[in-house]
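First comes the structure, then the notes that go with it.
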Amino acid sequence: MEVKMDPEFEKQLAALGGADAKLCFQCGTCTAGCPSGRRTSYRVRKLVRMAQLDMKEEIINSEDLWMCSTCYTCVERCPRRVPIVDVIVALRNMAVAEGHMYAAHKKTAANFYKTGHTVPINDDVKKTRAKLGLPKVPPTCLANEKAYADLKAVLDAARFEAIAKE
Ligand code: SF4
Ligand code: SF4
């Protein structure tokens, strides 16, 4: 496989808050403790290395970029104090700006745009709430039209709908 290195990538990553990826010395502690890596082929150490090597195209086209659950275990354990989640968020922002987003994340973003919730309140949840004596929906955007309108105005200003389109 031909590997393309993008000379502008380091600057772009730094501008988005991911400059400290370069502090990584590849010890693998992050990968060893990563819960997502236990269930998938995702290896966070490899992703950080690819960032160090300016492998922009490989990163933004990779499903691995979307496997991190942002649990912060790696950040707590990294001996070099690499802000790994900040690096991943920077890489994801870069990917989204160029039209790449993992399908499951798109679905979550679409839910958020449509309802103000990333996880929909479905009938099962409503039934459980009723059993617990809670109102059908929580006191969030779902129960407050003005709050949802305010949220939507912010999301529209950020052109979020186009990003979230499934
Ligand atoms: S734990 Fe930190 S230094 Fe070690 S590989 Fe992961 S990011 Fe790099
Ligand atoms: S924050 Fe992401 S990369 Fe780090 S341990 Fe958690 S799932 Fe893995």
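With each pseudo-label sitting 7 Å past Cα toward Cβ, what's the ALA153-LYS11 distance in nm, one decimal?
Taking the simple label geometry, ALA153 and LYS11 are separated by 3.7 nm.
By a straight-distance test (C-alpha under 20 Å), which aspartates and glutamates pair with LYS146 as possible cross-link partners, with residues fewer than eight away in the same chain excluded?
ASP156, GLU161
Calculate how steeply helix 84-97 sits against the longest principal axis of the alpha-carbon atoms of the chain, using the helix alpha-carbon long axis, and give the answer as 0 to 90 degrees to the nearest 10.
In the chain, helix 84-97 runs at an angle near 80 degrees to the longest axis.
With a cut-off of 13 Å, note down the residues of region 33-59 whose backbone N falls inside the zone around a label point 7 Å from the Cα of SER69 toward its beta carbon.
Residues passing the 13 Å test: 34-40.
So if each residue of separation counts as 0.36 nm, and I subtract the Cα-Cα distance between ARG77 and LYS127, what length gain in nm does that give?
Difference between extended and current length: 13.9 nm.
Given the peptides 2-11, 99-108, 17-26, arrange them by the average over their residues of other C-beta atoms within 10 Å, most packed first.
In descending order of packing, they fall as 17-26, 99-108, 2-11.
Measuring from centroid to centroid over Cα atoms, what is the spacing of region 14-51 and region 55-108 in Å?
9 Å
If you place +1 on the Cβ of every Lys and Arg, -1 on the Cβ of every Asp and Glu, and leave all else neutral, what size is the dipole of the chain about its Cα centre, to the nearest 20 Debye?
780 debye
On the Cα set of the chain, report Rg and Dmax in Å, please.
Computed over the Cα atoms of the chain, radius of gyration and Dmax are 18.9, 60 Å.
Place +1 on the Cβ of every Lys and Arg and -1 on the Cβ of every Asp and Glu in region 1-84, take the dipole about the Cα centre, and give the residue among GLN12, ALA32, MET55 whose Cα lies farthest towards its positive end.
My answer, from the dipole projection, is ALA32.
Where a number appears in this text, it was derived from the coordinates with a stated rule and is not lab data. Keep in mind that this is a model prediction, so the values were computed, not measured. With ideal geometry, Cβ positions are generated from the backbone for all residues, glycine too; neighbour counts draw on all protein chains shown.
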